[in-house]
Amino acid sequence: MNQRVVITGMGIYSTLGKNLEEVTQSLYQGKSGIGIDPLRKELGFHSLLTGIIERPNLKGILPRRMRVGMAEQGEYAYVATMEALKMASIDEDFLAKNEVGILYGNDSSATAVIEAADIIRSKKDTTMVGSGSIFQSMNSTVTMNLAVILQLRGISMTVSAACASGAHAIGLGYMYIQNGLQDIVICGGAQEINALSMGNFDALSAFSTRMDQPTAASRPFDRHRDGLVPSGGAATLVLESYESAVKRGATILAEVKGYGFSSNGEHISVPNVIGPQTSLERALKMAQVRADQIDYLNAHATSTPVGDLNEAQAIFNVFGSKVPISSTKSMTGHEMWMGGASEIIYSLLMAQNDFIAPNINFEEPDEFSAKLNIINPRIHKKLKLIASNSFGFGGTNSSLVIEKW
């Protein structure tokens, strides 16, 4: 049916702030949300670095029967979603009378699984695990909890696509609405931030060990980068058909113009150049815009040596040297399953306030990043068309093109 798809609500719970206003200030100031987790030393981690975030206290907000089945990342997602729904002017009464869907990116729920296994091994009694454990331990924990809490009756599905999960969730929501299958879909991504969820990742030696300077550890595109910093939180966008938004009198924030995707089909953890390039080119083609029309690109760049190098080549092959680029992961760390959604919000907050947040810690380019227009320090610029990249293990790639309304 080729419906136009717009964004009418945004919500965020991030290492940069607990709401849109706080996050905007952090982006503008180039403020890092990265620190040290002492527990990781006790557990034998090689890197103690992580995004720092306070878990929300939902006691008194949600009844206990709803809280017990909600994993950490579900709590973040609930807060972000309520902010997004409020912005979109969608309340309980509207949800009760209209079909609204949810597509959320999430690719792990480690703590509940590990804690349940520990109890079963030590107590030799599965009933000691508790009734909420199963609902916390499933990858679909976010969508199943939010669909019940909000009494949603549309599409309800979790997108599990590694660090491209949040972006693919937005892309799929866009396609559902574009094809007339849904009028409104809550889309986003969530990431648990606890140490237990990061142990096997730490074992790969993928994390930065620059622990003497936590806020300088995540340095996308910088020659001296030594690995990513794990992070998390949640980000929610309300996607809606243009016709629905106009009919409701909703304030339109932006339009989703294009969604690109691809698979590298090569190494399970090492990215290549052609996959990300294909994803970007497909997003631009679907959006019917030229590369030179893009005002800003939020790069995936996680601060790993090979990943940033290959993405820089893909970006140069598509955009050349002109498009302004930054990776907000320099401030947030790698938000993993959340990042594809949060980085759309970060980019739109920049567009709403006429600036490009800095790629902090970018001090010396390498041979490929030297060809790109990487922003550091912050610059003031009006932004209309925005692109964002998200890539993940297994070679899954997602690119989005968004136009500020």
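Would any residue of the range 33-68 have its amide N under 16 Å from a label point 7 Å out along Cα→Cβ of Ala203? List them or say none. 43-47, by backbone N distance to the label point. Straight-line cross-link partners of Lys124 among the aspartates and glutamates, defined as a Cα under 17 Å from its Cα and at least 8 positions apart when in the same chain: Glu115. Go through Leu62, Pro230, Met331 and say which Cα lies farthest out towards the positive end of the charge dipole of the range 5-404; charges sit on Cβ, +1 for Lys and Arg, -1 for Asp and Glu. The listed residue farthest towards the positive side: Leu62.
Dipole of the chain computed with +1 at Lys/Arg Cβ and -1 at Asp/Glu Cβ about the Cα centre; of Met286, Ser165, Met82, farthest Cα towards the positive end is Met82.
Among His46, His224, His300, His168, a tally of other beta-carbon atoms within 10 Å of each Cβ gives an order, fewest to most, of His224, His46, His168, His300. The value of relative contact order for the chain, using C-alpha pairs under 8 Å at least six residues apart, is 24 percent. The calculated FRET efficiency for His267 paired with Glu363, based on their beta-carbon distance and R0 = 35 Å, is about 0.75. Each residue of the range 281-287 is assigned a 3J(HN,Hα), and the resulting list reads 5, 5, 5, 5, 5, 5, 6 Hz, derived from the Karplus form 6.51 cos²θ - 1.76 cosθ + 1.60 (θ = phi - 60°), x at Gly and Pro. Among all stretches of the chain without exposed trypsin sites (Lys or Arg not before Pro) (DSSP loop, at most 12 other Cβ atoms within 10 Å), which one is longest? Between the exposed loop sites, the longest stretch runs 125-289. Simple rule: put +1 on each Lys or Arg Cβ and -1 on each Asp or Glu Cβ in the chain, find the dipole, and look at Ser262, Asn310, Ile345; the Cα lying farthest toward the positive end is Ile345. Near the amide H of Phe355, within less than 5 Å, lie the amide hydrogens of Lys381, all on another chain or at least 5 residues away, with H placed in the peptide plane. For the range 18-87, dividing the convex hull volume of the Cα atoms by the residue count gives 118 Å³ per residue. For the chain, the Cβ-based charge dipole about the Cα centre amounts to some 460 debye (Lys, Arg positive; Asp, Glu negative; other atoms uncharged). The calculated 222 nm mean residue ellipticity attributable to helices in the chain amounts to -10000 deg cm²/dmol, summing -39500 (n - 2.57) over DSSP H runs of n ≥ 4 and dividing by all residues.
Other residues with beta-carbon under 9 Å from the beta-carbon of Lys329 carry, at +1 per Lys or Arg and -1 per Asp or Glu, a net charge of -2. Here Lys247 is the anchor, and the lysines within straight C-alpha reach of less than 24 Å, apart from those fewer than 8 places off in the same chain, are Lys86, Lys97, Lys257, Lys404.
For the chain, modelled as a GNM whose springs connect Cα atoms under 10 angstrom apart, the maximal fluctuation among Ile119, Ile53, Ile345 occurs at Ile119.
Throughout, read-outs are computed from the coordinates displayed, never taken from laboratory work. Not measured: the values here are computed from a predicted model. Cβ sites come from the backbone with ideal geometry, for glycine too, and all protein chains shown count toward neighbours.
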